[in-house]
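Participant: There's a structure below that I have some questions on.
The values are calculated or read from the model by the stated rules, or taken from the named source; none is laboratory data. All of these numbers come straight from a predicted model, not from anything done at the bench. Cβ sites come from the backbone with ideal geometry, for glycine too, and all protein chains shown count toward neighbours. SASA here: full protein model, heavy atoms, side chains in, ligands and nucleic acids out. Shrake-Rupley method; radii C 1.70, N 1.55, O 1.52, S 1.80 Å.
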Amino acid sequence: MDTREEKKQEETYNFKEFGNRLGKIMYLRDVSNHTLASQLCLSASTISGYRTGRRSPTVTDLAEISRFLNVSADYLVGLTDEY
């Protein structure tokens, strides 16, 4: 039986996993926070928040990130290990 606290911890972990994967793909594609932010009309601090797990993207932003970085959204959110 999951408690609210356990669910909250799972969600936090997922945000961190998203951030780790986002950072890895950005590194591999040689894309900076500023470049990605410019392409998505977001601030660099928002991208930084995604990468550190402090923030999570909207569904629309997730789709735009995956399109721009040419990677599947499933990879970014941890559903698959294939880019």
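Participant: Below 11 angstrom from the Cβ of residue 79, what's the summed charge of the other residues (Lys, Arg +1; Asp, Glu -1)?
Facilitator: On the way: positive: 21; negative: 17, 74, 81, 82.
Neighbourhood net charge equals -3.
Participant: In segment 16-83, carbon and sulfur make up what percent of the accessible area (probe 1.4 Å)?
Facilitator: On the way: 1930 of 3970 Å².
Of the solvent-accessible surface of segment 16-83, carbon and sulfur hold 49 percent.
Participant: How much solvent-accessible surface does residue 45 expose, in Å² to the nearest 10, with a 1.4 Å probe and all protein chains in place?
Facilitator: Its heavy atoms expose roughly 80 Å² to the probe.
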